[in-house]
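Single-structure report; data block below.
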Amino acid sequence: MQILSKLGFKKVGEWKKQENNLYFEIGDFKKENKVVFAFVVNSFVKFIASTDDVLEFALNCFVSPKEFEAEESQVRELILKSLDNTSVEIFALKNTKFLGFRTRYKQQDIVKLIKEFNAEWNEENVVDRMKKIVQKDRIAVKKDLEEKEKIEEAIEKNPELKEVLKPEKPKREYQSYIFILGKSYFDRGFFNLKTAYSSLVGEDKEEIQIVVGDKENIQGRVSRTANSSGTPRIIGNKPLKLWFERNSEVNGEIKITFINKKRIRLEAIPKK
């Protein structure tokens, strides 16, 4: 990997598997902490993350992910699947410079690397979903324009209708996006936020209200330590799991709207 090498990364090992058991073999950096690491398949960067722990510990999170480590669980399955056909290499970079006094890559820099390499195993990277979402947004805009044209035509024919059909004062718009309900999310009642929306929720361990209906709310919490990549996680546990089961399915689409730092809304997008 020429680009990784230019950035200072070096190959330190490989992923291996025996039956369905995953393990790794690494030499350098094994006991180093403050490391940026990448998984590479056929010269393509598939995953990038950083860790303050020693590299060996960070990699073990992919070998035996804990129940709340959804991203690690998903990446583990992708590594195992790739190993059926090819090798998965591990590259690493010590994340300090100037005699160790300054961090080389901050979290926002890692996010940029994920986008630049199109690292598809990182959850932030939803390039493959964007076309579908953009198309839905275009359809919604077109529908609004058609409704507006109908109102204007009606008023033109009968000016007395102006007061009746006068548009209501526009409601406040909140930031939102659509995410895919992965199996880990569905089974365990949580989901990770895109990094770009990290600032729209509270700090680590703070409570957050998840609005899922006109009169139904779920009390959740924010975790900023669950993912090795630093992606915020919203945890709703069993109540959120049950709502997912009633309203959606694995790989279904969920719209999240950020009302404030302590309140979000979830809506299941029906299949067409």
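The table that follows gives values for the structure above.
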{"read-out": "S73 of a type in the set (S, T, Y), surrounded by 14 or more Cβ atoms within 10 Å (Cβ to Cβ) and under 26 Å from V250 (Cα atoms)", "value": "yes"}
{"read-out": "K215 being of a type in the set (K, R), closer than 23 Å to V111 by Cα, modelled with pLDDT under 95 and surrounded by fewer than 17 Cβ atoms within 10 Å (Cβ to Cβ)", "value": "no"}
{"read-out": "In segment 243-272, the residues that are farther than 12 Å from G213 by Cα and acidic (D, E)", "value": "E245, E249, E253"}
{"read-out": "Strands (runs of 3 or more DSSP E) wholly inside segment 181-272 containing at least 2 residues that are closer than 30 Å to A58 by Cβ", "value": "190-192, 207-211, 217-223, 233-235, 253-260"}
{"read-out": "Scope segment 1-42; condition surrounded by fewer than 13 Cβ atoms within 10 Å (Cβ to Cβ), modelled with pLDDT under 90 and outside any strand (DSSP E or B); matching residues", "value": "Q2, I3, S5, K6, E19, N20, G27, K31"}
{"read-out": "Segment 45-56 - residue that is without any contact (Cβ under 8 Å) to a residue 60 or more places away in the chain and of a type in the set (A, V, I, L, M, F, W, C) and, of those, surrounded by the fewest Cβ atoms within 10 Å (Cβ to Cβ)", "value": "V54"}
{"read-out": "Those residues of segment 61-113 which are at pLDDT below 80, part of a loop (DSSP other than H, G, I, E, B) and not acidic (D, E), in sequence order", "value": "K66, F68, F98, L99, G100, F101, R104, Y105, K106"}
{"read-out": "Whichever residue in segment 197-212 is open to solvent by 10 Å² or more (accessible area, probe 1.4 Å) and touching a residue at least 60 places away in the same chain (Cβ under 8 Å) and, among such residues, is farthest from N122 (Cα to Cα)", "value": "L200"}
{"read-out": "Residue selected from segment 140-198 under the condition closer than 27 Å to I259 by Cβ and among the acidic types (D, E), by the criterion modelled with the highest pLDDT", "value": "D187"}
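The values are calculated or read from the model by the stated rules, or taken from the named source; none is laboratory data. Keep in mind it's a predicted model, so treat the numbers as computed, not measured. Methodologically, a virtual Cβ is constructed for each residue, glycine included, from the backbone with ideal geometry; neighbour enumeration extends over all protein chains shown. Note: areas computed on protein heavy atoms with side chains; ligands, DNA, RNA excluded. Shrake-Rupley method; radii C 1.70, N 1.55, O 1.52, S 1.80 Å.
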